[in-house]
Amino acid sequence: MVTSEAAHSGVYSLKFNLPAGRAAHDGFVGTRRLPLNGASTSTTIKQGDIVRLSVWIKASGLVPDSAAKYPGTWSVGFTPLWFAKFGNNDGYNPVGQVYDNTFTFPKVTSFDWTQYSLDVLVPTDVPAGVVVTALETRLHVYSTFVGTVYFDDFTVQKVGTTTAVNGTDSNIPKVFDLSNNYPNPFNPSTNIQFAVPHEQNISLVIYNILGQRIRTLVQGIHPAGQYTLTWNGKDDTGRTVDSGVYLYRLETGSIALVKKMLLMK
């Protein structure tokens, strides 16, 4: 709901209240589609540019133990959606990759207004002749999250471009990124690609659809670069897992990227 109970600035904010014992289900509110080269942006944004999405969050009634046990589904974050059309009658027609991005909350039961940000690449992996002209962002609460969160002051800002300048190494990723696994569906193994823009501590973990940890593929400091790993469909004990939907979650700092994959036997 839109409420006047709390606000980072002004009078109103967007409130999600998710009580314990509720039915597991995602919830989200999508912004209006933002024309990337319209008057509402500070500068022209085009494919290949890097855009920073930011929002202020206040939270209470959190359950740190659940957040640690089920980070794949006990979470809050962004889902950016890119469009070639943005008119009122153009319908739902996203282009490029669609994936969830979750925030890592502090291990507390509540916190005051804190800004969370995500740098994303305006996609270039679109069909020939398609031009990305608009952005919609979902403020997203995932299926098993419990607590009350307020969102306020959502902003979109161009912060860079993937074009190399003054001898900058164009092979170094410009954003923290997680690609679609391939093949998908898969049996018995699949490849997962991710990008690290600078040296940092990262983790790449597989979860089942309930958010329970299945396999840790990566944990530790990684230098900047593009990486490809293979998951062989086994858990941390070496047991082959059952057919079904699994989540893979790449995390660093206060942000994590989450995608789904399907194991079919």
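When PRO127 is tested against the conditions (1) modelled with pLDDT of 90 or more; (2) out of contact with any Lys or Arg (no Cβ under 9 Å at 6 or more places or on another chain); (3) open to solvent by 20 Å² or more (accessible area, probe 1.4 Å), the lone failure is (1). Here the strands (runs of 3 or more DSSP E) wholly within segment 210-265 that include at least 1 residues being hydroxyl-bearing (Ser, Thr, Tyr), touching a residue at least 12 places away in the same chain (Cβ under 8 Å) and closer than 24 Å to VAL98 by Cα are 213-222, 225-231, 244-252. Screening the candidates GLY21, GLY91, GLY38 for the property of being over 21 Å from the mean Cα position of the chain (by Cα), more than 22 Å from VAL156 (Cβ to Cβ) and at pLDDT below 90 yields one hit, GLY91.
Of everything in segment 137-167 that is open to solvent by 20 Å² or more (accessible area, probe 1.4 Å) and within 12 Å of PHE28 (Cα to Cα), the residue that is modelled with the highest pLDDT is ARG138.
Taken as a whole, the condition of being within 16 Å of the chain's Cα centre (by Cα), modelled with pLDDT of 90 or more, closer than 15 Å to HIS222 by Cα and among the aliphatic types (A, V, I, L, M) applies to ILE202. Only a single criterion out of (1) farther than 27 Å from VAL132 by Cβ; (2) open to solvent by 30 Å² or more (accessible area, probe 1.4 Å) is not satisfied by THR73, namely (2). All conditions in (1) assigned to a strand (DSSP E or B); (2) touching a residue at least 24 places away in the same chain (Cβ under 8 Å); (3) not basic (Lys, Arg) hold for PHE145, with the sole exception of (1).
Remark: ASN101 falls outside the filter, which requires a residue to be polar (S, T, N, Q), in contact with a Lys or Arg (Cβ under 9 Å, 6 or more places away or on another chain) and open to solvent by less than 60 Å² (accessible area, probe 1.4 Å). If I filter segment 210-254 down to residues being open to solvent by 70 Å² or more (accessible area, probe 1.4 Å) and touching a Ser or Thr at 6+ places or on another chain (Cβ under 8 Å), which single residue comes out as nearest to THR190 (Cα to Cα)? Looking at the filtered set, the residue picked out is THR230.
The values are calculated or read from the model by the stated rules, or taken from the named source; none is laboratory data. Since the structure is predicted, the reported quantities are computational estimates derived from the model, not experimental observations. Positions of Cβ are backbone-derived with ideal geometry, glycine not excepted, and every protein chain shown enters the neighbour counts. Note: accessible area is taken over every heavy atom of the protein model, side chains too, but ligands, DNA and RNA are not part of it. Shrake-Rupley method; radii C 1.70, N 1.55, O 1.52, S 1.80 Å.
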